[in-house]
Amino acid sequence: MSEALTRMYTLRFSYLAGKKALVSPCAALFGVQTRTKAFRHIELPKVGAVRLRYKIHFPEDGQYTIEPLRVTKLAGRDPLTGRVVHGKIGGGIKMKHLWVDIHRTAPKEGPPLVERVMSIQRDLTRNAFVALTISGDKVRYRYATTSMKPGDLITTYGDIPRIPVRPKEGDAHPLGALPIGTKVCCIENLPGNGARFAIHAGVTATITRKISGRVCFTLPNKQEFAVPQECMATVGQVSNPEYSSIPIGSAQANRLLGNRPSSGLWHRKTGIHGRKLRNPKKLKVTSVEPKPKTVVGLTLPGLPKIMVRPPIRSLVPV
């Protein structure tokens, strides 16, 4: 009997396995089909893994170009699944993307690489200004510093001398070649990996110390990193330092930035939506002088005197 039930269960389950309805083993055994919803697992993108505002269309051949690249707005949708994962993103003005070359490399032997700044431009997809530089037949976009202007010459060095160099704003050196206390930006996390730290408007890092072939620097948020001394960095501060202090001004200006409005309905303030006002705590007064300890002596006839502490508070005189 058990063999017959096993065979019937196997045949019926294999017949119903290809159907879209979700069938339990009991339903497959007795031939009962129940209507159930087909749930689909949705994997949300990791924070910082993908762009949810726009997608940049880079050339198919992968060759660098200074031509403005086409941008497709995602409006808070996951570029892989197409589902809305961020409801406050959408709209905004039309924009093009300027491809900034984040690698500043120079030969370790021979003369350094010298580039001339042709113009300083504004890129709508980032908050810092970019500089169009030319060196021979190569034209590149670089991150501009605060004092950079058209006509300047910026130099990229690749060697680490025994004595630290005198830094000049706009030049790029390995971190090991700069003295302690230098303000730098566009710092690499690994040699040849490109700028990863201090690339946003007005950000600058400070070199604090050098230990065993590594250079430590501190960011404005008090975070400290130690990277190899061969990592490249640009001397100075990233351009457009007034970006964080410019007010948006109006709701329409916020829409032009690509931010959707809130619902507009009244809701009670909580800890996540803003500062929650609480009454200050009561004042507590603490005395510096310690309290004197009271010792109570208990005597019984025929027993020696015993000195003990009172276990009951009522025994302690007020």
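Arg116 fulfils the conditions (1) touching a strand residue (DSSP E or B) at 6+ places or on another chain (Cβ under 8 Å); (2) open to solvent by less than 70 Å² (accessible area, probe 1.4 Å); (3) of a type in the set (Lys, Arg) except for a single criterion, (2). Of the set (1) at pLDDT below 90; (2) of a type outside the set (Gly, Ala, Ser); (3) touching a strand residue (DSSP E or B) at 6+ places or on another chain (Cβ under 8 Å), all apply to Leu265 but (3). Scanning the stretch 171-214 for residues that are in contact with a Pro (Cβ under 8 Å, 6 or more places away or on another chain), farther than 18 Å from Arg142 by Cβ and part of a strand (DSSP E or B) yields Ile207, Arg214.
Evaluated against (1) over 26 Å from the mean Cα position of the chain (by Cα); (2) of a type in the set (A, V, I, L, M); (3) under 19 Å from Glu242 (Cβ atoms); (4) open to solvent by 60 Å² or more (accessible area, probe 1.4 Å), Met148 falls short on exactly one condition, (4).
Of the candidates Cys231, Cys186, the single residue that is in contact with a strand residue (DSSP E or B) (Cβ under 7 Å, 6 or more places away or on another chain) and open to solvent by 10 Å² or more (accessible area, probe 1.4 Å) is Cys186. Residue pairs whose Cβ atoms lie under 7 Å apart, sitting 6 or more positions apart in sequence or on different chains, and linking a residue in the stretch 70-94 that is of a type in the set (Lys, Arg) and at pLDDT 85 or above to a partner that is assigned to a strand (DSSP E or B) and open to solvent by less than 80 Å² (accessible area, probe 1.4 Å), are Lys73/Tyr54; Lys88/Asn259.
None of Leu132, Leu124 is touching a residue at least 24 places away in the same chain (Cβ under 8 Å), assigned to a loop (DSSP other than H, G, I, E, B) and either open to solvent by 30 Å² or more (accessible area, probe 1.4 Å) or in contact with a Ser or Thr (Cβ under 7 Å, 6 or more places away or on another chain) (or both) except Leu124. Could you say whether any residue in the stretch 111-118 is under 30 Å from Tyr54 (Cβ atoms), hydrophobic (A, V, I, L, M, F, W, C), at pLDDT 90 or above and more than 23 Å from the chain's Cα centre (by Cα)? Among the residues of the stretch 111-118, at least one is under 30 Å from Tyr54 (Cβ atoms), hydrophobic (A, V, I, L, M, F, W, C), at pLDDT 90 or above and more than 23 Å from the chain's Cα centre (by Cα), which makes the answer yes.
The values are calculated or read from the model by the stated rules, or taken from the named source; none is laboratory data. What you are looking at is a predicted structure, and each value in this text was computed from that prediction instead of being measured. FYI the Cβ positions are ideal-geometry reconstructions off the backbone, even for glycines, and counts take in every protein chain you see. Accessible surface areas use protein heavy atoms only, side chains included; no ligands, DNA or RNA. Shrake-Rupley method; radii C 1.70, N 1.55, O 1.52, S 1.80 Å.
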